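Just so it is clear, none of the values below were taken in a lab; they were calculated from the coordinates. These figures come from a predicted structure and were not determined experimentally. Cβ: placed from backbone, ideal geometry, glycine included. Neighbour counts: every protein chain shown.
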């Protein structure tokens, strides 16, 4: 399964990036996240190789490792479950007229990815859509404050 969604916000790219990369606060902002706990202690920017334990409602918990990072614009991370590899990318780009765009990409591969997509594909895509909408909304709220 491959899925991509995007939306825009009035927040400047640096504000959107600050929200997107603050993964431990996602449960405050996105109701389907039950827990995001970084392995590295203390508040600090994401770095390549950082990992976090993530639990979303109705999905198996997993450990995600940052495998791609262009600070301020892109971070990608991946997780493995039995028979499935998940790769998620978060891309922040400036909009020509001001504000910014968040694009989220999710790819699920592996021998069990077809079965998992049949069972959980609709839920997974709706969670990605919700994440995109909530992160851009939080960035816009913070921008307006």
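Taking each residue as 0.36 nm, the span from residue 70 to residue 123 lengthens on full extension beyond its C-alpha to C-alpha distance by 16.2 nm.
Counting only C-alpha contacts under 8 Å and six or more residues apart, can you give the relative contact order of the chain as a whole percent?
Working: 287 pairs, mean separation 47.3, N = 145.
Worked out over the chain, it gives 33 percent.
Each residue, residue 47 and residue 5, gets one label point 7 Å from its Cα in the Cβ direction; the gap between the two is 3.3 nm. When each of the peptides 59-67, 132-140 is scored by how many other beta carbons lie within 10 Å of its residues on average, the order from highest to lowest is 132-140, 59-67. Pick out which of 76, 121, 49 has the largest mean-square fluctuation in a Gaussian network model of the chain, springs linking Cα atoms closer than 10 Å. Fluctuation is largest for 49.
Helix-only mean residue ellipticity at 222 nm, the chain, DSSP H runs n ≥ 4 weighted -39,500 (n - 2.57), per residue, nearest 500. What is it?
Details: 3 runs with 44 residues, N = 145.
The helix-only estimate for the chain comes to -10000 deg cm²/dmol at 222 nm.
Once a ≥ b ≥ c are taken as the square roots of the eigenvalues of the Cα gyration tensor of the stretch 1-76, is the result rounded (a/c under 1.5), prolate (a/b larger than b/c) or oblate (a/b not larger than b/c)? Rounded is the answer for the stretch 1-76, as its axis ratio a/c remains below 1.5.
Short-range pairs are left out: with C-alpha atoms under 8 Å and at least six residues apart, the relative contact order of the stretch 5-69 is 23 percent. Computed on the stretch 78-145, with alpha-carbon pairs under 8 angstrom and 6+ residues apart, the relative contact order is 26 percent. What is the chain by shape, rounded, prolate or oblate, if you read a ≥ b ≥ c off the alpha carbon gyration tensor as root eigenvalues and call it rounded for a/c under 1.5, prolate for a/b larger than b/c, and oblate otherwise? Cα axes put the chain in the prolate bin.
Let me make sure I get this right: for the stretch 104-145, a, b and c are the square roots of the gyration tensor eigenvalues over alpha carbons, sorted descending. Under 1.5 in a/c it's rounded, otherwise prolate if a/b > b/c, else oblate. Which is it? Present the calculation step by step, with values, prior to reporting the outcome.
Values: a/c = 7.13, a/b = 3.29, b/c = 2.17.
Prolate, since a/c reaches 1.5 and a/b exceeds b/c.
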